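Heads up: the structure comes next, in structure tokens.
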Amino acid sequence: MTAVPSTSSNAQNPEHPQNPQNIVIVGNGQAGIQLVDSLRKEGYTGAITVIGEETHFPYQRPPLSKDFMAADKEPKPLPLRAEKFFTDNDVDSRLGVRVTSIDRAGHTVSLSDGSSIGYTTLVLATGAANRELNVPGSGLEGIYGLRTLADAEAVHARLDTVRSVVVIGAGFIGLEFAAAARKRGLDVTVLEYADRPMARALSPVMGNWFAQAHRNLGVNLRLGEGIASFIGDGSGQGNDGQASERGHVAAAVSTTGETYPADMVLVGIGVIPRTELAEQAGLSVSNGITVDSAMRTDDEDIYALGDCANYPSHHAEARTRLESVQNATDQARHTAKSILDTHDGGRDYTELPWFWSTQGDLRLQIAGIAHPDDETVLRGNPDGGKFSVFCFRSGRLVAVESVNQPADHMAARRLLAQERTLTPEQAADLDFDFKAYSKAAAAGV
Ligand SMILES: Cc1cc2nc3c(=O)[nH]c(=O)nc-3n(C[C@H](O)[C@H](O)[C@H](O)COP(=O)(O)OP(=O)(O)OC[C@H]3O[C@@H](n4cnc5c(N)ncnc54)[C@H](O)[C@@H]3O)c2cc1C
């Protein structure tokens, strides 16, 4: 059954016999909260219940590895919406409660507080969880992940007391944190087993440029060197000076046998999608919850979106799972229309993926999806820290990566969204007016 806009005056009481509609959203992160917003904007007046296992008011994750770590600012979370949003939109928001199972036949979910809720449409916006390290010494105190506000608060508190930091993994979060720690004047070593940073998402030319940029900041970036083990301080004490069976981390040993002093360690080795509920409910799962291009799972009353969802990507020309604010937000807008059947165009999700990462003073922006073997063309001035890399596949522009070049990024988004291309020669030619060209493309000229 598909939910349709309700006209009931008892919209907020899902148990009310005249108002059987209740859209239940599991997860109150970027995707879940945007979905609430979009459902109301699309005219849905029935009940909405949002369930989030974290106890905090819904907040934005991106600042946690950036401004939140600054020494000179109070670490305050940025809310995803003002508190008023939830009352204005009649949202039944449950914090600190986990959905433990789904009864698809009965159309109910069970909660960790022992209650259950009926749904007409269920949406899984469960996000992702940090991938955990499993090397000797991983259980020592002072080794952190960074996904939640609770993680960020623990890391921030620790930063005030340390001198040397080791970061495991030169992905976006690891490098954002490394740059923030350097800004505090700390000794920072980053261990990365690949031969360049952010290798999964960036062209080699941009990845190599970032490697040098971080070294220029004073980061001891060790490429081709993974983590082998951690050494404890043997004190038998944890962060708080209290007795701890585990003891506290003192050093990291890399796969090449080097030892790096570590008063604390940040592990940033990627995430795994939160698919446990979907699996338990017998939904199809493969690197995320499998959805169609309307964001629907193989149960017609259950949708999934954001970090946890694996969808057929028009731009990647393959099934994919993305981890970004844009992805969560645009998929939420699309899902609202799919649930309410209010798509004015087709039901296929085709939004262009884009992403940003702020590493110290370097602002990286990516439009489209690059592959490591794409042909690349450089435009701008890498030595001056302002340039873009245009990625071509079979002669077609597929992605543009920009550093401190927001105008290129915006132009690239306009162009790629229209599926218009340009030649590698045009991309390289600084006299070619890329901005005007992309504006004309967007205007259909
Ligand atoms: C430190 C950090 C920095 C980032 N920086 C950037 C950036 O610069 N740019 C960018 O584009 N993206 C960035 N991201 C990624 C971006 O924040 C995510 O892609 C986005 O938050 C995904 O939204 P989501 O709603 O899918 O998942 P989430 O935001 O993870 O929300 C999912 C929520 O569901 C809850 N949940 C899961 N299972 C259950 C259950 N069974 N019951 C109840 N609740 C449940 C989880 O606890 C979580 O709160 C960053 C992420 C992190 C962690």
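FYI, it's all coordinate maths here, none of it is from the lab. Note that this is a predicted model, so its numbers are computed, not measured. Neighbour counts run over all protein chains shown; Cβ positions are idealised from the backbone, glycine included.
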**Report entry** Difference of contour (0.36 nm per residue) and Cα-Cα distance, Arg396 to Thr342
**Finding:** 16.1 nm
Query - Computed over segment 361-442: relative contact order in percent, which uses C-alpha pairs under 8 Å that are six or more apart - result: 29 percent
Query raised in the report: How far apart, in nm, are two points set 7 Å out from the Cα along the Cα-to-Cβ line at Asn220 and at Asn381?
Result: 3.4 nm
Report task. Give the long-range amide H neighbours of Gly232: residues separated by 5 or more places, or on another chain, with amide H under 5 Å away, using H modelled in the peptide plane at 1.01 Å from N. Result -> Ala250
Report summary line: Sorted by chain and then number, the residues having a modelled amide H within less than 5 Å of the amide H of Met264, at least 5 places away or on another chain, are Ser164, Val166
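Once every DSSP H run of n ≥ 4 in the chain is given -39500 (n - 2.57) and the sum is divided by its residues, what mean residue ellipticity at 222 nm do you get, rounded to the nearest 500 deg cm²/dmol? Walk me through the numbers on the way to the answer.
On the way: 10 runs with 101 residues, N = 445.
It comes out at -6500 deg cm²/dmol, rounded to the nearest 500.
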Report task. Have a look at the DSSP beta bridges in the chain and tell me what percent are antiparallel, nearest 5. Result -> 60 percent
Query - For the chain, alpha-carbon Rg relative to the globular expectation (2.2 N^0.38 Å, N residues) - result: 1.04
Query raised in the report: Once both labels are modelled 7 Å past Cα along the beta-carbon direction, what's the Ala70-Asp299 spacing in nm?
Result: 4.5 nm
Report task. Write down, largest first, the equivalent ellipsoid semi-axes of segment 361-442 in whole Å, where each equals the square root of 5 times an eigenvalue of the alpha-carbon gyration tensor. Result -> 17, 15, 12
Query raised in the report: So how far apart, in nm, are the two label points at Ala316 and Thr256 if each is 7 Å from Cα heading toward Cβ?
Result: 3.2 nm
Report summary line: Averaged over all viewing directions, the convex hull of the alpha carbons in segment 143-267 casts a projected area in nm² of 7.6 nm²
Report summary line: Expressed as a whole-number percentage, the relative contact order of segment 31-162 with C-alpha contacts under 8 angstrom and at least six residues apart is 25 percent
